[in-house]
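Notes follow the structure.
Every number here is computed from the coordinates shown, using simple stated rules; none is lab data. As the structure is a computational prediction, the values presented were derived from the model and not from experiment. Reconstructed Cβ throughout: ideal geometry from the backbone, glycine too, with neighbour counts over all protein chains shown.
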Amino acid sequence: MNGKIDRLKIIEQAEKYVRAGRLKEAIAEYEKLLEDDPSDVSINNLVGDLYVRLGQNDKAIKAFEKVADEYEKRSLNSQALAILKKICRLNPDKPDYFIKMADLYTRQGFLAEAKQEYLRIAEKFLRQKMVEEAIELYEKVAKLDKDDLNIRIQLAALYKLNGQQDKAVNELLKAADLKISLGQIDEAEKLLKESNKLAPDNARTKLRLAQVLRLKGQAEQSQELARQVLEKMPHDLDALTFLGNLYFEEGKFGPAKEIFTEVLNFYPMNVNARYKIGRINLAEGNVDGAFEYFEPLIDSYLKKKKEDKAIGLLGLILTVRNDYIPALEKLVEILRENNDFSRLEKVEERLIEEFKKIGEKGKMLPYYAELIKLRPTDEQLAREYRELKKELMIKEEELPPETWALSAEEEEEIQAGLAQSDIYIQEGLVRLARRVIEGLLLRYPNDPLLKQKLNYIDSLKPNLNKEDLIRKIEKTTAIETQVMRPAKAKEEKESRKKPEFDLEEQILSEEKISPIDLFTDTGIIPIISSDGREKKFYDLQENIRAELAMLSAVYLHQKTGITTQFEKELMTIVNDFKKGIREKIPAEDYQIHLQLGLAFMEQGLVDEAIEEFNIAAKDKNLTLECLTLISHSYRLKGNLEEAESWLNRAIKLVAPGTDQYFALMFDLGMIYEQSKEYDKALSIYRDIQSWNPAYQSVGERISRLQGLAGTSNTPVN
């Protein structure tokens, strides 16, 4: 007889015993099965129920415990919870089961039920004078509900009762903080005074009490408490900051400046100290001093892409002295970097005016040159520029370099794009290389090296055997692990409206800036460009995980026999490859799916490309790019209606009037042109021409379509 037949016979015999009321014999039969598999939840559950019917609750509980433990091992928490409830009904006097049940409630997110069970058992422990056990449960409740004041206060009392003074003080401080946040200042003061009795030398308690006294308008007493802390801990940052802020608020700038200077001696990039000393200098009319203290903060904010805060600090200086040239020059750099041309014009005009006042005419030249680019039709401006050059006796070839230069970040982006396109060209992925360069030209339409590279790509004729798809993906990915494409082009600042903000509140809520923020990151390797520009260095750290994952997927696929599969039809190869990727790469590795989509598009596998782009679009950082690529894919398929639909979704994600907006609108115009909806295309091209007459070939397109206006087809179905 095999095992399966034996099991069935045993179960049949046990059921007969149950029907006959012979429960002990039934249990004996079931226990034969448990000898073979002690963790069998169904049999253990049956045995437990039979023991309950026999009134042998202890044995029933042991059986149910095995069931609950097995369910927990399988992460079947709901089933485990149901069994624990059975156990608790059988033995309501044993707290361990109720605690375990509360733990399961917590794991499932039933926090109110868990809290109720913990507190009920804690109360039982306290009646039995089991303080430590009660504390353990109160600690669990405090983690579940951090804002429950009563729990904090009761926990503090239990710690005090158990002789754990430090923990009691800590809970009282947390409770006091909650009271302060609710505006219950008097109650907070009572808690802090109790904390001070428990630990008279605790600096945190004294500072919180000083804060409460300050809120009650008792400034002298508040300052005295802060000074007491500093007598024992002269370099305590919290105490120095608190006392310095008190002096600052009361207008006692001398003592405040002295304290904040001491802070900076030990913490050179402390935001609060730098900001407050800068404000004090402004109040004293010392604009140079204010700029000296603000400038490191400004540079740090710019590095962190927090331009609004940097501009806010410059605005404080310019509010006091609107002709302060260093602040104006810094503001120009920020506005230029963010393509904020309307404000850039005004600031540059102001700079020219200030340089004119002090006779620094030579410094006016680069700003005139930039304004000419911004306003090419402004004859008055052009005349002033010519007169200035004539006055300074400067020939065109002697002009200093214009300020309209690429930033370091933009230069890095272009260099990385050129390097990446070279990798694709080397592997015969010509269309992919062209896409990289075209994408960069949307942002930098006048860059000569990008134009040169595009011309070179256009001269190439792709000659790639489709059966080489997997090999090309592997080889290209391996090469790309040696270089990192820079982070996506910086977010379009115009694409979202920046909220109003309180400058001081946001600056002082900023986490402390470490001096290391002022230095470049490590983990870089050089990329040698053949395009004549200097070497650039790219951080590899963010790209390593995705690239290694990709390599691993390809390697594993080859290991399972892909090298013998090249005689298959292309679709079989692609399906095998996709299956390997699905099995080995988590779905949330969206960057890899984007790369796969591009590779599929390169080979004309448009449906596969669309599938990958749809997956990658789940990453909000890739959504816009993926929507655009899906639109382009449908254009390749000839489905212009879908192409238009997906592109319109992309357009909704960007702010009207930005560079990105017009680039997407240009693509929409080409879709309309391809659909022979000439009137719609012409309208879009004219809007683009008003924005930038030199953009792409918009002028030629308008000239060509003007003769076709009025002959538009209906939208393509």
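The local environment of GLU588, defined by Cβ-Cβ distances under 9 Å, has a net charge of -1 under the rule Lys, Arg +1 and Asp, Glu -1. Taking a Cβ cut-off of under 13 Å around ASP201, the surrounding Lys, Arg, Asp and Glu residues balance to a net charge of +1, with basic ones at +1 and acidic ones at -1. Dividing the Cα convex hull volume of region 146-290 by residue count, how many Å³ per residue is that? That works out to 118 Å³ per residue.
Remark: relative contact order (region 3-229) = 8 percent; criterion is Cα-Cα distance under 8 angstrom and separation of 6 or more residues. Taking the number of Cβ atoms within 10 Å of each Cβ as an exposure proxy, the fewest-first ranking of THR628, THR623, THR319 is THR319, THR623, THR628. As a proxy for reagent exposure, ranking MET393, MET364 by other Cβ atoms within 10 Å from fewest up yields MET393, MET364. Residue exposure proxy: HIS235, HIS593, HIS632, ordered by other Cβ atoms within 10 angstrom of their Cβ from fewest to most, comes out as HIS235, HIS632, HIS593. Comparing ILE185, LEU8, GLY48 along the charge dipole axis of region 3-229, the residue lying farthest to the positive side is ILE185, per the Cβ-charge model.
For the cross-link pairs LYS304/LYS652; LYS62/LYS86; LYS140/LYS167, the ones whose C-alpha atoms lie over 18 Å apart are LYS304/LYS652. Count charges around GLY359 for me, please; just the other residues with Cβ under 13 Å from its Cβ, Lys/Arg as +1, Asp/Glu as -1. My count for the surroundings of GLY359 gives 0.
Region 3-229 gives an Rg/Rh value of 1.25, both radii derived from C-alpha positions and Rh following Kirkwood. P(r) of region 111-176 in 10 Å steps, Cα pairs, percent per bin? With 10 Å bins starting at 0, P(r) equals 24, 56, 20, 0.
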